[in-house]
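**Student:** Please read through the structure below; I'll follow up with questions.
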Amino acid sequence: MAGPEKIEKYEQLLNNVLRENLRIVLEERDKLYEDIAAHSQLKQTINCIIEAPNSEGLRTQVDLGSNFYVQAHVPDPSRIYVNIGLGFHLELTLQEALSFIDKKLAILNEKVAESTKKSAKIKGQIRFVYEGIRELQQLNERTAAP
């Protein structure tokens, strides 16, 4: 009878491997959602700049950190710097930036879909192992009963 040892082995798999993998995948998916929100906000800001052209430039507030804002004036808002990843920033026109953001959002949404599939697979594995543990426990109870 390999009951209690086998049950303990499966419980360790469940707690140490599968649940940890699920936590990591869900954290990655949350990060992707944050990136999607940031890019969507940038797209909305660019659209506002395009719709309300101003010959005097753009007046805005800039967060210097710790919610400390200062007034800023951008004399020519027709070009902006966009973080393209890995610490690189690229100067783009507003239309180029919108095109980049649309492509980036498509990629991020694909990654979210992959992450969701991955988490569903891990959740299925967790249920499978949990059911296996439950069956082993019932089997042990039957064999232990006189």
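The values are calculated or read from the model by the stated rules, or taken from the named source; none is laboratory data. The structure displayed is predicted, hence computed values, not measured ones. Please note: Cβ atoms are built from the backbone with ideal geometry, for glycine as well, and neighbour counts cover all protein chains shown. For the accessible areas, the whole protein counts, side chains as well, though only heavy atoms, and no ligand, DNA or RNA atoms are used. Shrake-Rupley method; radii C 1.70, N 1.55, O 1.52, S 1.80 Å.
**Student:** Just the residues that are more than 24 Å from G132 (Cα to Cα) and touching a Lys or Arg at 6+ places or on another chain (Cβ under 9 Å), please, taken from segment 3-35.
**Tutor:** Within segment 3-35, E28, R29, L32, D35 qualify.
**Student:** Name the residue, out of V70, V82, that is aliphatic (A, V, I, L, M) and free of Cβ contacts under 8 Å to residues at least 12 places away in the same chain. Write out each step before concluding.
**Tutor:** Working: V82 fails: free of Cβ contacts under 8 Å to residues at least 12 places away in the same chain.
V70 is the lone residue from the list that is aliphatic (A, V, I, L, M) and free of Cβ contacts under 8 Å to residues at least 12 places away in the same chain.
**Student:** Mind listing whichever residues of segment 97-115 are within 23 Å of E27 (Cα to Cα) and either at pLDDT below 95 or of a type in the set (A, V, I, L, M) (or both)?
**Tutor:** Within segment 97-115, I101, L105, A106, I107, L108, V112, A113 meet the criteria.
**Student:** I'm checking my understanding of the structure. Among residues of segment 102-136 that are out of contact with any helix residue (DSSP H, G or I) (no Cβ under 6 Å at 6 or more places or on another chain) and β-branched (V, I, T), which one is least open to solvent (accessible area, probe 1.4 Å)?
**Tutor:** Filtering first and then ranking leaves T116.
**Student:** Residues that are open to solvent by less than 70 Å² (accessible area, probe 1.4 Å), at least 3 per element: which strands (runs of 3 or more DSSP E) completely within segment 6-94 meet that? Spell out the reasoning first.
**Tutor:** Numbers: elements: 58-63, 69-74, 79-85, 88-93.
Qualifying strands (runs of 3 or more DSSP E): 58-63, 69-74, 79-85.
**Student:** Moving on to the next point. Among the residues of segment 129-141, are any of a type in the set (G, A, S) and more than 24 Å from K43 (Cα to Cα)? Break it down stepwise before answering.
**Tutor:** Going residue by residue through segment 129-141, those that are of a type in the set (G, A, S) are 132.
Subset that is more than 24 Å from K43 (Cα to Cα): 132.
Within segment 129-141, one or more residues are of a type in the set (G, A, S) and more than 24 Å from K43 (Cα to Cα).
**Student:** Write out, first by first residue and then by second, each pair whose Cβ atoms fall under 6 Å of each other, whose residues are 6+ apart or on separate chains, and whose first residue, in segment 40-52, is of a type in the set (D, E, K, R) while the second is part of a helix (DSSP H, G or I) and surrounded by 12 or more Cβ atoms within 10 Å (Cβ to Cβ).
**Tutor:** K43/I101
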